[in-house]
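Coordinate-derived values only; no laboratory data. Just so we're clear, the structure is a prediction, and the values are computed from it rather than from any experiment. Neighbour counts are summed over all protein chains in view; Cβ atoms, including those assigned to glycine, are modelled from backbone coordinates with ideal geometry.
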Amino acid sequence: MNPPKAAYGSIDEYHIGFYPAPSGIEAFHDEVKAYHKSKGTLQFPLDQPLPYELISRIVKYRVAANKEKAAGKLKKK
């Protein structure tokens, strides 16, 4: 079994897409206000620096959430 992904990313001619799932965006609601977002997606403009620290914290949050979820599933077995 493959572990769930913490986040995905993509790039096109207008922006960098970051897909940390809705929970990753909700947990950092105040910090992501400056970016275009939709359910589970953040868009970072190409003409602005990437917020590496914010991205790192969101990914760490998602990894921890995935581990917690997996631990819960193991306890149920």
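Overview of results
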| item | result |
| --- | --- |
| Segment Gln43-Ala70, length gained on full extension (0.36 nm per residue, minus Cα span) | 6.9 nm |
| The chain pair-distance distribution - Cα-Cα, 5 Å bins, rounded % | 3, 15, 26, 22, 15, 9, 6, 3, 1, 0 |
| Residues Glu13, Glu26, sorted so that the one with the fewest Cβ neighbours within 10 Å comes first | Glu13, Glu26 |
| Total lysine pairs whose alpha carbons fall under 24 Å of each other in region 8-76 (8 or more apart, or interchain) | 10 |
| In degrees, nearest ten, helix 52-76 long axis to first principal axis of the chain (Cα) | 20 |
| Rounded to the nearest 20 debye, dipole of the chain from Cβ charges on Lys, Arg, Asp, Glu | 860 |
